[in-house]
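Take a look at the structure below.
Throughout, read-outs are computed from the coordinates displayed, never taken from laboratory work. Please read all numbers here as calculations on a predicted model, not as lab measurements. Note that we place each Cβ from the backbone using ideal geometry, even for glycine, and neighbour counts take in every protein chain shown.
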Amino acid sequence: MLEEFGNTAVSNGENATRFSLKLMAEPLELSWHHCGVTSDFIGDYFSRACARDVDPVDARHSISYMINEILENAVKFRHGGDIEIESSLENNSFEIQIRNRIAPQTAEGFREHLTGLLARDPGELLLERIEENALNPDASGSGLGILTLMNDYEAKLGWSFVSGRVSEGVELTTHAALRLS
């Protein structure tokens, strides 16, 4: 069963510059430091492929930040298995899909979170979460990274949940598109 939230459409075509990577769960246990290294590498790779009218330093930063935020969530909520990354760049449009497996209960909670997130203005939610975090510094799961991507970077985000394709858990694909300028 497929269930989608947000913008899951892929617009980059066959002529796009592409890069795919699989972070294998075994024998290396995936952790936070893999996120930064991976996102910086992919950001550097695509910043060199941008058109001349795009600032490569800004492109590298924006791509790296977006990947790092999404990849950290994939590592944090992963329910075993590998993490697959598919990315592309065409006409200054960067797109990425990060696929991982999550527990059914995590999927249900995330679906509820996304329903609320997508029903509101990301700028308003971002300010609310910043205020909440200031009042309660011990709180976790603030979602500031996703809200920052939506509000400050104008990233188009979407999520696909597929049940029954993997033996254990739910397959989650996070889709993100970013216009580079």
- Message: Once the cut-off is 26 Å, how many percent of the Cα-Cα pairs in the stretch 33-181 end up in the long-distance tail?
- Response: 29
- Would you work out which of Cys50, Asn136, Thr17 lies farthest towards the positive end of the dipole of the stretch 2-179, given +1 charges on the beta-carbon of Lys and Arg and -1 on that of Asp and Glu, about the Cα centre? Thr17
- Estimated distance in nm for a label pair at Arg165 and Ala103, the labels positioned 7 Å out from Cα along Cα-to-Cβ: 2.2
- Among the stretch 1-27, those whose backbone N falls under 15 Å of a label point 7 Å along Cα→Cβ from Asn91 are 10-17
- Message: Testing the spin-label approximation: label points 7 Å from Cα along Cα→Cβ at Met1 and Glu26. State their distance in nm.
- Response: 3.0
- Where labels lie 7 Å past Cα in the beta-carbon direction, separation of Ser142 and Val57 in nm: 2.7
